[in-house]
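First comes the structure, then the notes that go with it.
The values are calculated or read from the model by the stated rules, or taken from the named source; none is laboratory data. Quick caveat, the model's predicted, so the values are computed rather than measured. FYI the Cβ positions are ideal-geometry reconstructions off the backbone, even for glycines, and counts take in every protein chain you see. What goes into the accessible areas is simple: the full protein's heavy atoms, side chains included, and nothing from ligands, DNA or RNA. Shrake-Rupley method; radii C 1.70, N 1.55, O 1.52, S 1.80 Å.
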Amino acid sequence: MEYETWSDGQEKTTVTVDDHDLEVAYYDDGDGEPVVFCHGIPTSSFLFREVAPPLSDEYRVIAPDMIGYGNSAMHDGFDRSIRAQEAMIDGLLEELGLETITFVGHDLGGGVALRYAAHNPDAVETLVLSNGVCYDSWPIQTIVDLGLPSTIEGMSPDDLQEMLEGLFRDTLAGEADDAFVEGMLAPWDSEEAVVSVSRNAIGTNTSHTTEIDPSEITARTLLLWGADDEFQPISYAERLDEDIADTKLVGLDDANHWVMADRPDAYGDHLREFLEGD
């Protein structure tokens with residue numbers, strides 16, 4: 001699927017976060033038990049383009065763009081931390097009338113999922129974490145630097161695109177899929193986006209995962225990890241495997257940080273099997 005097709009198919013609603021009314025764009029397709037996908041930085045819901053839509057034959061698949069990302073609100077003046085993203089998810093689920101979900105989170109979205117599952121144990125029956133931030137595993141230096149106002153001073157959208165393209169192409173396990181890279185870059189092509197991605201980066205607050213005790217997670221949990229990740233190494237998945245009571249750890253070889261882009265078929269198969277109770 002191309003980014004334009006994904007984008008055109010999104011729905012939009014308004015969610016209140018910290019007294020700010022913010023527009024949230026989200027993919028929503030299928031019937032059945034809801035499965036919510038949450039991406040990280042510097043991506044969007046398009047990250048799940050190959051693994052989320054196929055599940056709509058049996059499940060209701062919902063994949064929002066986090067606030068500050070994709071086609072959701074990008075204007076300046078609101079918090080984009082994973083604490084705020086957790087509040088966005090809570091508001092979106094309330095808007096959609098959903099009480100219980102399966103939560104799939106990648107990168108920062110994994111941190112959002114951890115927080116939401118810890119704070120709402122009755123709402124998250126099944127949890128899937130993929131190369132997710134946890135403990136004090138984050139942020140990486142590239143994101144720390146991007147969050148400095150001085151970094152984006154004088155940075156043009158073309159400069160940002162060039163930097164992000166290098167990041168994506170260098171951290172895919174195999175040859176880059178141009179449609180994936182182009183889709184990841186598409187939202188970051190304006191002056192507003194330059195500021196937004198920097199605000200997103202400065203919102204990476206390690207305290208928002210170190211304050212969570214994973215042993216309090218009651219959800220049945222799949223740790224579906226790209227085994228070659230240099231950003232969020234599989235050692236963190238192994239630590240989560242020890243701390244969360246009901247877990248299954250699957251490390252996918254030949255998969256880097258963008259595990260669902262590197263190994264979409266394997267990722268989708270393991271995800272579906274877990275959702276079906278295997």
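How far apart, in nm, are the 7 Å Cα→Cβ label points at Glu33 and Glu175?
Using points 7 Å along Cα→Cβ, the separation is 3.9 nm.
Of the residues Ser81, Ser215, Ser196, which exhibits the maximal mean-square fluctuation in a Gaussian network model of the chain defined by a 10 Å Cα contact cut-off?
Most flexible of the set in this elastic network: Ser215.
Run the numbers for Thr151 and Asp246: contour at 0.36 nm per residue of separation, minus the present Cα-Cα distance, in nm. Mind dumping the intermediate values first?
Details: separation 95, 0.36 × 95 = 34.20 nm, distance 4.24 nm.
Computed gain between Thr151 and Asp246 is 30.0 nm.
Write down the accessible area per residue of the range 44-186 in Å², having rolled a 1.4 Å probe over the full set of protein chains. If you can, show how the numbers build up before the last one.
Working: 4980 Å² over 143 residues.
Spelled out: the 1.4 Å probe surface of the range 44-186, per residue, equals 35 Å².
Roughly speaking, what is the centre-to-centre gap between the range 95-151 and the range 197-244 when only Cα atoms are used, to the nearest Å?
The distance from the Cα centre of the range 95-151 to that of the range 197-244 comes to 8 Å.
Shape verdict for the range 44-134, please, from the Cα gyration tensor: rounded (a/c under 1.5), prolate (a/b greater than b/c) or oblate. Spell out each step's value before the answer.
Details: a/c = 1.40, a/b = 1.19, b/c = 1.18.
Rounded, because the longest to shortest axis ratio a/c is under 1.5.
Please list, ordered by chain and number, the residues whose modelled amide H lies under 5 Å from the amide H of Val17; skip anything fewer than 5 residues away on the same chain.
Leu22
Show me, for the range 153-159, the HN-Hα J-couplings you get by feeding each phi into the Karplus relation (A = 6.51, B = -1.76, C = 1.60, θ = phi - 60°), rounded to Hz, glycine and proline as x.
5, x, 6, 8, x, 5, 4
Provide the per-residue ³J(HN,Hα) series for the range 211-227, in order, calculated from phi with Karplus coefficients 6.51, -1.76, 1.60 and θ = phi - 60°, each as a whole number of Hz, with x at glycine and proline positions.
Values, residue by residue: 7, 8, 9, x, 5, 8, 6, 9, 5, 5, 10, 10, 9, 9, 10, x, 6 Hz.
Please report the relative contact order for the chain, taking Cα pairs under 8 Å with a sequence separation of at least 6, and give it as a percent rounded to a whole number.
Numbers: 570 pairs, mean separation 53.6, N = 278.
Across the chain, relative contact order equals 19 percent.
Using a Gaussian network for the chain with springs between C-alpha atoms less than 10 Å apart, which of these wobbles most: Ser150, Ser44, Ser56?
Fluctuation is largest for Ser150.
Could I have the simple spin-label model distance between Arg272 and Glu99, label points 7 Å from Cα toward Cβ, reported in nm to one decimal?
My value for the distance between the label points is 3.0 nm.
What FRET efficiency would be calculated for the residue pair Asp159, Asp253, taking the C-beta separation as r and a Förster radius of 41 Å, to the nearest 0.05? Intermediate results must be reported in sequence, preceding the final value.
Values: r = 35 Å, r/R0 = 0.85.
Given R0 = 41 Å and the Cβ-Cβ separation, E is 0.75.
Identify which of Thr210, Thr221, Thr142 has the largest mean-square fluctuation in a Gaussian network model of the chain, with springs joining Cα atoms closer than 10 Å.
Among Thr210, Thr221, Thr142, the largest GNM mean-square fluctuation belongs to Thr142.
For the range 240-251, what does the Karplus curve 6.51 cos²θ - 1.76 cosθ + 1.60, with θ = phi - 60°, yield as ³J(HN,Hα) per residue in whole Hz, taken in order and with x for Gly and Pro?
Whole-Hz 3J(HN,Hα) from phi for the range 240-251: 4, 4, 6, 8, 8, 5, 10, 10, 9, 10, 10, x.
Using label points projected 7 Å from each Cα along Cα→Cβ, tell me how many nm separate Val144 and Ser190, to one decimal.
Distance between the two pseudo-spin positions: 3.2 nm.
Please tell me the relative contact order of the range 1-77 in percent, rounded to the nearest whole number, where contacts are Cα pairs under 8 Å and at least six residues apart. Write out the running numbers ahead of the final one.
On the way: 139 pairs, mean separation 25.3, N = 77.
Value for the range 1-77: 33 percent.
Taking 0.36 nm per residue of sequence separation and subtracting the Cα-Cα distance, how much length would be gained by fully extending the chain between Asp19 and Asp136, in nm to one decimal? Could the numbers behind the result be given before it?
Working: separation 117, 0.36 × 117 = 42.12 nm, distance 2.89 nm.
Full extension of this stretch gives 39.2 nm more.
Once you sort the root eigenvalues of the Cα gyration tensor of the range 151-226 as a ≥ b ≥ c, which label holds: rounded (a/c under 1.5), prolate (a/b larger than b/c) or oblate (the other case)?
Numbers: a/c = 3.02, a/b = 1.47, b/c = 2.05.
Oblate.
Over the range 94-145, consider all pairs of different Cα atoms and compute the Kirkwood hydrodynamic radius from their mean reciprocal separation; express it in Å, one decimal.
Details: mean 1/r = 0.0845 Å⁻¹.
After inverting the mean inverse Cα-Cα distance, the result is 11.8 Å.
How long are the semi-axes of the equivalent ellipsoid of the range 146-278, defined as square roots of 5 times the Cα gyration tensor eigenvalues? Whole Å, largest first.
Values: eigenvalues 193, 84, 29 Å².
Value: 31, 20, 12 Å, ordered largest first.
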